[in-house]
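Colleague: Okay, here's the structure, questions in a sec.
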Amino acid sequence: MARTNPPTIASKALPFTPEEINRLTERFPTPFYLYDEAGIRRSARQLNRSFAWAPDFRNFFAVKATPNPAILKLLAGEGMGADCSSLAELVLAEDSGLTGKDIMFTSNDTPAADYQKAAGMGAIINLDDITHIDYLERVVGLPEVICFRYNPGPARSGNSLIGQPQEAKYGLTRRQLSQAYAIAKQKGVKRFGLHAMVVSNELDSKPFIETAEMLFEIVAELSTTLGIRFEFVNLGGGLGIPYRPDEAEIDLAGLSNGIERAYRDKIAARGLDPLRIVMECGRFLTGPHGFLVAKVLHLKHTYKHYVGLDASMADLMRPGMYGAYHHLSVLGKQDQPLRQRYDVTGPLCENNDKFAIDRLLPAVEVGDTVAIHDAGAHGHAMGFNYNGLLRCAELLRRPDGEVELIRRAETLDDYFATLRF
Ligand SMILES: *Cc1c(COP(=O)(O)O)cnc(C)c1O
């Protein structure tokens, strides 16, 4: 048998040259997040273009994915609203210039203060439970427009990241949904929305088309039986991105065509149009365009080979929490053969503080710079301070090549600010 050479494929494109990133590491200490504005804008335009047929289509960017004013503002410039789920996210959106109908408030187990802020801003409020009609009425009063979140339960299956709908804490059952709209109508609510989100990080277009079909059927049924007017359906977020080099992007054109067909058959044919279609995608817009940049601090050879980075699970939790794959590029060595299997770790006292396990990489040396791909959504945002690790900076590369610090790194003073010595 001929000896096979080590594989050299499995590379993923970087929008930055290794030299450019290495120059940045001289200006800004690693680790840091680096976002590519041109890429984010490209994805935003791609999503908007796909739904050009839909009356008044709008994506409300899920703020939790990348909660930074610079990101919210550039997405607002591409026509996106903000999908908020907490008081802090509402304030962040407001201070980024988004307000009123630019905001979708999709929360659950919601505190009174959050509803008061959302209502005060004139946000579109999406209720997660039938009991929240009375709660909202008591704490702030009912607005003119109300949306409800539907959980289809056993009628649909979720995916591995979000779990099965019956096990999900979100949303109302189908029976509760009918009751909820009837109650809201009786209490004077004038216009209505319907929301469902059953998959997350999904690369297959089919579940999104099925969700749209399901929601259109419910809109048709409730419009007739309750005599109410639906203004919009909200398909949620969950459009996936190819984290692995061998995965393909989601077929947005196919997804949009499938939804358009369902719209024609189930909404337009029944005279229920115009019905606005909105989404709450986060990951699709920023995920592929953010990188966690770190340096190799140590190499360790025991029962396995370890690459120790100056970034940790406190900077990017997805691999440790979900076993999520994030592609790693060792800068300047992207074309070198993958010679060695490594576990790539951070300094947390937690054995799941690993960015990769048994990953084939080129021969790594201390001082190498590593870019961790597809960290632009649910990356920095999920960061934490366990072990006293400080949260890192965020940088944005503008389309003209200028790099801007859009969040400074935390200092020890920040970390100790809430303590009393
Ligand atoms: C997390 C979340 C989103 C965004 O999900 P992405 O995977 O980033 O698209 C949208 N809506 C709701 C209700 C969510 O919880």
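The values are calculated or read from the model by the stated rules, or taken from the named source; none is laboratory data. As the structure is a computational prediction, the values presented were derived from the model and not from experiment. In this analysis, Cβ positions are derived from the backbone assuming ideal geometry, glycine residues included, and neighbour counts consider all displayed protein chains. All accessible areas refer to the heavy atoms of the entire protein, side chains included, with ligands and DNA or RNA removed. Shrake-Rupley method; radii C 1.70, N 1.55, O 1.52, S 1.80 Å.
Colleague: Out of (1) more than 16 Å from the ligand (Cβ to nearest atom); (2) open to solvent by less than 40 Å² (accessible area, probe 1.4 Å); (3) free of Cβ contacts under 8 Å to residues at least 24 places away in the same chain, what's the single condition that is false for L74?
Modeller: (3)
Colleague: Continuing with this model, one more query. Determine whether region 89-103 contains at least one residue that is touching an Asp or Glu at 6+ places or on another chain (Cβ under 7 Å), open to solvent by less than 60 Å² (accessible area, probe 1.4 Å), more than 17 Å from V140 (Cα to Cα) and at pLDDT 95 or above.
Modeller: Taking every residue of region 89-103 in turn, none turns out to be touching an Asp or Glu at 6+ places or on another chain (Cβ under 7 Å), open to solvent by less than 60 Å² (accessible area, probe 1.4 Å), more than 17 Å from V140 (Cα to Cα) and at pLDDT 95 or above.
Colleague: Here is a further query. Given the criteria within 30 Å of L252 (Cβ to Cβ), among the charged types (D, E, K, R) and open to solvent by 30 Å² or more (accessible area, probe 1.4 Å), does E137 qualify?
Modeller: When the stated conditions are applied, E137 does not pass them.
Colleague: Could you list, in sequence order, the residues of region 152-198 that are assigned to a helix (DSSP H, G or I), small (G, A, S) and either within 19 Å of I277 (Cβ to Cβ) or modelled with pLDDT under 95 (or both)?
Modeller: G153, A155
Colleague: Considering only helices (runs of 4 or more DSSP H) fully contained in region 242-340, which possess at least 3 residues that are more than 16 Å from the ligand (Cβ to nearest atom) and at pLDDT 95 or above?
Modeller: 252-266
Colleague: Within region 116-134, restricting attention to residues that are outside any helix (DSSP H, G or I) and out of contact with any strand residue (DSSP E or B) (no Cβ under 7 Å at 6 or more places or on another chain), which residue is surrounded by the fewest Cβ atoms within 10 Å (Cβ to Cβ)?
Modeller: That would be T131.
Colleague: Looking only at region 305-319, count every residue that is open to solvent by less than 20 Å² (accessible area, probe 1.4 Å) and more than 15 Å from L390 (Cα to Cα) and tell me the total.
Modeller: Qualifying residue count, region 305-319: 4.
Colleague: Across region 221-237, which residue is farthest from the ligand (Cβ to nearest atom) among those that are touching a Lys or Arg at 6+ places or on another chain (Cβ under 9 Å) and open to solvent by less than 10 Å² (accessible area, probe 1.4 Å)?
Modeller: The residue in question is F230.
Colleague: Related question: Quick check on my filter: what residues within region 64-90 are part of a loop (DSSP other than H, G, I, E, B) and over 27 Å from D109 (Cβ atoms)?
Modeller: Passing the criteria: G77, E78, G79.
Matching residues to (1) outside any helix (DSSP H, G or I); (2) farther than 30 Å from D134 by Cα; (3) free of Cβ contacts under 8 Å to residues at least 40 places away in the same chain; (4) away from the ligand (no atom under 13 Å from the Cβ):
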{"site": "A54", "(1), (2), (3), (4)": "yes, yes, no, yes"}
{"site": "N59", "(1), (2), (3), (4)": "yes, no, no, no"}
{"site": "L92", "(1), (2), (3), (4)": "no, no, yes, yes"}
{"site": "L98", "(1), (2), (3), (4)": "yes, no, yes, yes"}
{"site": "K101", "(1), (2), (3), (4)": "no, no, yes, yes"}
{"site": "N108", "(1), (2), (3), (4)": "yes, no, no, no"}
{"site": "D114", "(1), (2), (3), (4)": "no, no, yes, yes"}
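Colleague: How do the pairs read when you match residues in region 399-420 that are modelled with pLDDT of 95 or more with residues anywhere that are exposed (fewer than 10 other Cβ atoms within 10 Å of the Cβ), using Cβ under 9 Å and keeping only pairs 6 or more apart or on different chains?
Modeller: L412/G388; Y415/G388
For (1) within 16 Å of the ligand (Cβ to nearest atom); (2) more than 15 Å from L316 (Cα to Cα); (3) crowded, with 19+ Cβ neighbours inside 10 Å, each residue gets a yes or a no:
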{"site": "A375", "(1), (2), (3)": "yes, no, yes"}
{"site": "N385", "(1), (2), (3)": "no, no, no"}
{"site": "L389", "(1), (2), (3)": "no, no, yes"}
{"site": "R397", "(1), (2), (3)": "no, yes, yes"}
{"site": "D400", "(1), (2), (3)": "no, yes, no"}
{"site": "R408", "(1), (2), (3)": "no, yes, no"}
{"site": "D414", "(1), (2), (3)": "no, yes, no"}
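Colleague: So, one more: Report every pair of residues separated by at least 6 positions or lying on different chains whose Cβ atoms are under 6 Å apart, first residue within region 241-254 and assigned by TED's automatic domain parsing to the domain that holds N48, second modelled with pLDDT of 95 or more and among the hydrophobic types (A, V, I, L, M, F, W, C).
Modeller: Here the result reads I250/L203; I250/L239, each pair linking region 241-254 to a residue that is modelled with pLDDT of 95 or more and among the hydrophobic types (A, V, I, L, M, F, W, C).
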